[in-house]
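Only one structure is covered here, and it is reproduced in the block below.
The values are calculated or read from the model by the stated rules, or taken from the named source; none is laboratory data. Since this is a predicted model, take the numbers as computed values, not measurements. Methodologically, a virtual Cβ is constructed for each residue, glycine included, from the backbone with ideal geometry; neighbour enumeration extends over all protein chains shown.
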């Protein structure tokens with residue numbers, strides 16, 4: 001072997017050795033995140049997860065190693081990082097978002113996977129059933145058609161004359177929303193609000209899609225869970241404000257950033273609970289035996305300052321239901 005080739009191989013082995021040696025003494029938890037690393041939502045999720053692990057006795061850098069991968073919603077990176085985490089000596093993998101879960105399912109059937117915020121796992125064929133998932137996947141769900149219906153009702157409460165609600169999403173990252181829209185529209189009664197898709201053709205430029213929607217009288221906007229949406233909440237809130245478009249999102253941060261309303265589960269709580277499943281698997285439980293849990297607790301936030309800027313009157317009954325009112 002040539003000296004240069006030997007030195008290259010030796011350097012590579014030396015770089016890999018600390019991780020391998022550490023993995024032999026502490027479990028490795030892979031974390032495949034389908035969002036940006038430095039967004040407020042992302043930081044809150046990871047902080048909650050790490051704190052919950054610590055509360056359960058798992059100290060990062062001491063008796064557990066967390067191996068992060070951040071894909072920012074890019075499909076090619078999600079697939080690449082899924083393969084990287086499986087190639088590592090991962091004991092269990094936390095998968096944040098449906099695209100991450102799908103990529104991991106396609107890559108491994110043996111390493112346990114705990115989902116945080118997965119959509120319709122039964123319908124997508126990721127698990128056999130919620131109560132008995134089977135296989136190597138378990139965790140916590142996120143949006144369903146019933147939640148979308150709740151968002152439409154909230155828009156109607158603040159804008160009684162609404163005739164259409166648009167669901168904005170990236171069809172490459174979250175194509176299942178097309179199925180949700182189809183199912184809801186199939187059961188819609190005459191006179192009810194139309195639900196339409198607002199796909200993002202080029203994810204970097206949501207202005208075109210939002211401006212076009214705002215030009216249609218009686219329109220409202222829904223921001224469901226989607227890697228692009230969560231990474232651009234503030235931008236979407238600003239665009240909706242400029243166009244005087246009533247909007248509701250699944251993310252609390254949207255209302256904090258100036259959006260009108262947010263209604264959805266506490267994502268930080270989901271990550272805390274996901275840490276509990278990680279703990280159980282590390283102590284010997286099988287993912288196949290841990291029921292996939294649906295969300296039952298939701299938080300409702302209204303930005304009253306934004307409502308006034310949009311010229312909307314929030315009914316007192318709706319304000320009374322809010323968990324938080326931003327003034």
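Condition check ((1) under 30 Å from residue 105 (Cβ atoms); (2) over 21 Å from the mean Cα position of the chain (by Cα)) across all residues:
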{"position": "264", "(1), (2)": "yes, no"}
{"position": "267", "(1), (2)": "yes, no"}
{"position": "270", "(1), (2)": "yes, no"}
{"position": "273", "(1), (2)": "yes, no"}
{"position": "282", "(1), (2)": "yes, yes"}
{"position": "291", "(1), (2)": "yes, no"}
{"position": "307", "(1), (2)": "no, yes"}
{"position": "318", "(1), (2)": "no, yes"}
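Please pick out the residue among 37, 41 that is under 20 Å from residue 100 (Cα atoms) and in contact with a strand residue (DSSP E or B) (Cβ under 6 Å, 6 or more places away or on another chain).
37
Check whether at least one residue in the stretch 269-284 is surrounded by fewer than 19 Cβ atoms within 10 Å (Cβ to Cβ), in the same structural domain as residue 117 (by TED's automatic domain parsing) and over 24 Å from residue 44 (Cβ atoms), and report yes or no.
Within the stretch 269-284 (the criterion being surrounded by fewer than 19 Cβ atoms within 10 Å (Cβ to Cβ), in the same structural domain as residue 117 (by TED's automatic domain parsing) and over 24 Å from residue 44 (Cβ atoms)), the answer is yes, since at least one residue qualifies.
For the stretch 182-201, enumerate the residues that are free of Cβ contacts under 8 Å to residues at least 40 places away in the same chain and in contact with a helix residue (DSSP H, G or I) (Cβ under 8 Å, 6 or more places away or on another chain).
183, 184, 194, 196, 197, 198, 199, 200, 201
For the stretch 103-148, enumerate the residues that are part of a helix (DSSP H, G or I), touching a strand residue (DSSP E or B) at 6+ places or on another chain (Cβ under 8 Å) and free of Cβ contacts under 8 Å to residues at least 60 places away in the same chain.
105
Please enumerate the residues belonging to the stretch 154-174 that are over 11 Å from residue 221 (Cα atoms), part of a loop (DSSP other than H, G, I, E, B) and in contact (Cβ under 8 Å) with a residue 12 or more places away in the chain.
Of everything in the stretch 154-174, those that are over 11 Å from residue 221 (Cα atoms), part of a loop (DSSP other than H, G, I, E, B) and in contact (Cβ under 8 Å) with a residue 12 or more places away in the chain turn out to be 159, 161, 163, 170, 171, 172, 173, 174.
Hey, residue 131 hits all of (1) crowded, with 20+ Cβ neighbours inside 10 Å; (2) more than 30 Å from residue 305 (Cα to Cα) but one; which does it fall short on?
(1)
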